[in-house]
Amino acid sequence: MTELRETVLGDPAQLPGPSLGGRLFGVLLLLVALGICAAGVNMTLTAAKVKGVQGTLTVERCWKQSRSGKAFDEPRCSGTFRPDGGGEPVENAEYRGGGAANVAVGEELHVHQAGATFRLSGGKGLAQGVMAVFGGLAFSALAVPFLATGIQPRWFRRGENRTRVLAMVTFGIKGTTAGRVRNVLMLVGLVGMAVSYITYAAMS
């Protein structure tokens with residue numbers, strides 16, 4: 001098995017030793033993952049109506065936002081937003097996001113303000129936020145091999161297969177504590193994302 005692995009991936013002994021650059025790259029990936037998780041937590045709390053400006057948007061029109069003729073046009077809707085706590089209604093409030101393609105004119109959506117636009121509160125919004133949290137968790141697994149080995153990712157010899165080198169780095173922590181941590185993060189993240197997506201789709 002070892003011979004087959006080295007034939008496919010190469011000999012891990014040929015990789016460079018630990019470096020500060022490798023550790024810093026791992027830290028950078030981890031910070032990005034934490035940022036994704038933080039954004040997901042914020043989305044979840046807002047969708048749960050714990051924070052943010054909540055209210056009802058009465059849909060007046062829907063359309064597809066053209067993206068320079070690209071295949072993936074983004075469905076959007078707009079209407080009048082009325083805050084739950086009272087206050088001035090917002091005319092031409094724009095809603096975008098999941099489920100916009102299935103929204104009918106006259107429908108009332110429970111939404112919250114997200115910058116210049118509005119997004120769903122309640123079940124669908126919660127599912128989206130939780131999905132983002134688990135996505136960040138899965139992404140954090142990418143940081144573990146670089147944090148554990150310290151191998152600098154820009155070390156690629158001319159003509160070297162980059163995918164092969166990265167696979168060697170990743171495989172290099174198999175059977176170690178770092179490898180088990182990476183596997184748990186990836187598994188929990190992917191399963192959580194899948195369950196969140198199925199839950200979201202079931203609400204459509």
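The values are calculated or read from the model by the stated rules, or taken from the named source; none is laboratory data. Quantities reported herein were computed from a predicted structural model and do not represent experimental measurements. Here Cβ is always computed from backbone atoms with ideal geometry, including for glycine, and neighbour counts include all displayed protein chains. When the accessible area is computed, the model is the full protein with side chains, heavy atoms only, and any ligands, DNA or RNA have been set aside. Shrake-Rupley method; radii C 1.70, N 1.55, O 1.52, S 1.80 Å.
Filter the stretch 113-133 for residues that are touching a Lys or Arg at 6+ places or on another chain (Cβ under 9 Å) and either open to solvent by less than 50 Å² (accessible area, probe 1.4 Å) or of a type in the set (S, T, N, Q) (or both) and give the result.
Of everything in the stretch 113-133, those that are touching a Lys or Arg at 6+ places or on another chain (Cβ under 9 Å) and either open to solvent by less than 50 Å² (accessible area, probe 1.4 Å) or of a type in the set (S, T, N, Q) (or both) turn out to be 113, 117, 118, 121, 122, 125, 128.
List the number of the failed condition for residue 34; all other conditions in (1) more than 22 Å from residue 201 (Cβ to Cβ); (2) in contact with a helix residue (DSSP H, G or I) (Cβ under 8 Å, 6 or more places away or on another chain); (3) modelled with pLDDT under 90 hold.
(3)
Can you go through 142, 190 and tell me which one is modelled with pLDDT of 85 or more, open to solvent by 70 Å² or more (accessible area, probe 1.4 Å) and not in a helix (DSSP H, G or I)? Steps first, please.
Working: 190 fails: not in a helix (DSSP H, G or I).
Answer to the check: 142.
What are the residue pairs meeting all of these: first residue in the stretch 46-61, first residue more than 19 Å from residue 87 (Cβ to Cβ) and part of a strand (DSSP E or B), second residue of a type in the set (Val, Ile, Thr) and open to solvent by 40 Å² or more (accessible area, probe 1.4 Å), Cβ atoms under 8 Å, and 6 or more apart or on different chains?
59/105; 60/105; 61/105
Looking at the stretch 85-106, can you tell me whether even one residue there is farther than 30 Å from residue 170 by Cβ, open to solvent by less than 40 Å² (accessible area, probe 1.4 Å) and polar (S, T, N, Q)?
Looking through the stretch 85-106, none of the residues is farther than 30 Å from residue 170 by Cβ, open to solvent by less than 40 Å² (accessible area, probe 1.4 Å) and polar (S, T, N, Q).
For the stretch 173-183, state whether one or more residues are open to solvent by less than 50 Å² (accessible area, probe 1.4 Å), at pLDDT below 85 and in contact with a helix residue (DSSP H, G or I) (Cβ under 8 Å, 6 or more places away or on another chain). Steps first, please.
From the stretch 173-183, those open to solvent by less than 50 Å² (accessible area, probe 1.4 Å) are 173, 178-179, 182; that's our starting set.
Still in the running and at pLDDT below 85: 173.
This time we only want the ones that are in contact with a helix residue (DSSP H, G or I) (Cβ under 8 Å, 6 or more places away or on another chain), so: 173.
Yes, the stretch 173-183 has at least one match.
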